[in-house]
1. Mind checking which pairs have a first residue in region 78-97 that is in a loop (DSSP other than H, G, I, E, B) and a second that is open to solvent by 60 Å² or more (accessible area, probe 1.4 Å) and away from the ligand (no atom under 13 Å from the Cβ), Cβ under 6 Å, 6 or more apart or different chains?
2. With the requirement that a residue be closer than 27 Å to residue 154 by Cα and out of contact with any Phe, Trp or Tyr (no Cβ under 9 Å at 6 or more places or on another chain), what does region 2-32 give you?
3. Pick out the one residue from 20, 48 that is open to solvent by less than 90 Å² (accessible area, probe 1.4 Å) and closer than 20 Å to residue 140 by Cα.
4. Do we have residue 68 as open to solvent by 30 Å² or more (accessible area, probe 1.4 Å) and under 26 Å from residue 138 (Cα atoms) here?
5. Checking residue 103 against (1) small (Gly, Ala, Ser); (2) out of contact with any His (no Cβ under 6 Å at 6 or more places or on another chain); (3) within 15 Å of the ligand (Cβ to nearest atom), only one condition comes out false. Which one?
6. Considering only region 1-64, give the strands (runs of 3 or more DSSP E) lying wholly within it that have at least 2 residues that are within 14 Å of the ligand (Cβ to nearest atom) and in contact with a strand residue (DSSP E or B) (Cβ under 8 Å, 6 or more places away or on another chain).
Amino acid sequence: MNTKNYREVLGHFATGVTIVMAEIAGDIHGMTANSFTSVSLEPPLILVAVDHKARMLQGISRNRPMTISILKDTQKALSQLFADPNPSRDPFEGLHLERAQNGIPYLADALAFLAVRITDVYSQGDHDLAICQAEELKTLSHDGPLLFFQGRYYAVDGSTP
Ligand SMILES: Cc1cc2nc3c(=O)[nH]c(=O)nc-3n(C[C@H](O)[C@H](O)[C@H](O)COP(=O)(O)O)c2cc1C
């Protein structure tokens, strides 16, 4: 087992793609994340794993608010922009944002969004696991999701957006 085949094997687990937003030093920061997963129904808990090297880590601590926007299959470019440590343009430029009740924006034209508050943070290996309680959530569209599988983007019908 090595890092390469660890990634290769785990890449067989297809996921959706989200943009996580949080406030860092007064600015809103966004990061592409596919580690988003549901944890508990009652209370409604989800988790996001954030790399210790990510700038987003500065937004991860107890009681901090965040939003999670679940991307549709036409939003691959947004996933790439918010995953780029040195994007060629401001990734927020031209976005249709709305503000959740917790004050953090979300993508108004995503598939769905959750506004959450971080309840616990566990540092594990090279990531922090942010356990978050959902405080507000909404389905925004019934379009198809953006999928991530073996390092590539797909739509549900198998086509590549
Ligand atoms: C599809 C996809 C999913 C990703 N999921 C995560 C994730 O769950 N956690 C994470 O820390 N980085 C994830 N990344 C990498 C970050 O988006 C990327 O490293 C980003 O530049 C880090 O954000 P920063 O601007 O906060 O440093 C993912 C990237 C892609 C393309």
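1. 96/109
2. So the first thing to find is which residues in region 2-32 are closer than 27 Å to residue 154 by Cα, and the list is 2-22, 29-32.
Hits for region 2-32 are 2, 3, 4, 5, 6, 7, 8, 9, 10, 22, 29.
3. Values: 48 fails: closer than 20 Å to residue 140 by Cα.
Criteria check complete, one pass: 20.
4. Values: open to solvent by 30 Å² or more (accessible area, probe 1.4 Å): no; under 26 Å from residue 138 (Cα atoms): yes.
The answer is no for residue 68.
5. Checking residue 103 against (1) small (Gly, Ala, Ser); (2) out of contact with any His (no Cβ under 6 Å at 6 or more places or on another chain); (3) within 15 Å of the ligand (Cβ to nearest atom), the one that fails is (3).
6. Filter on region 1-64 gives 18-24, 27-33, 45-51.
The values are calculated or read from the model by the stated rules, or taken from the named source; none is laboratory data. Computed from a predicted model, the values in this text were never measured in an experiment. Cβ sites come from the backbone with ideal geometry, for glycine too, and all protein chains shown count toward neighbours. Surface accessibility is based on the protein's heavy atoms, side chains included, excluding ligands, DNA and RNA. Shrake-Rupley method; radii C 1.70, N 1.55, O 1.52, S 1.80 Å.
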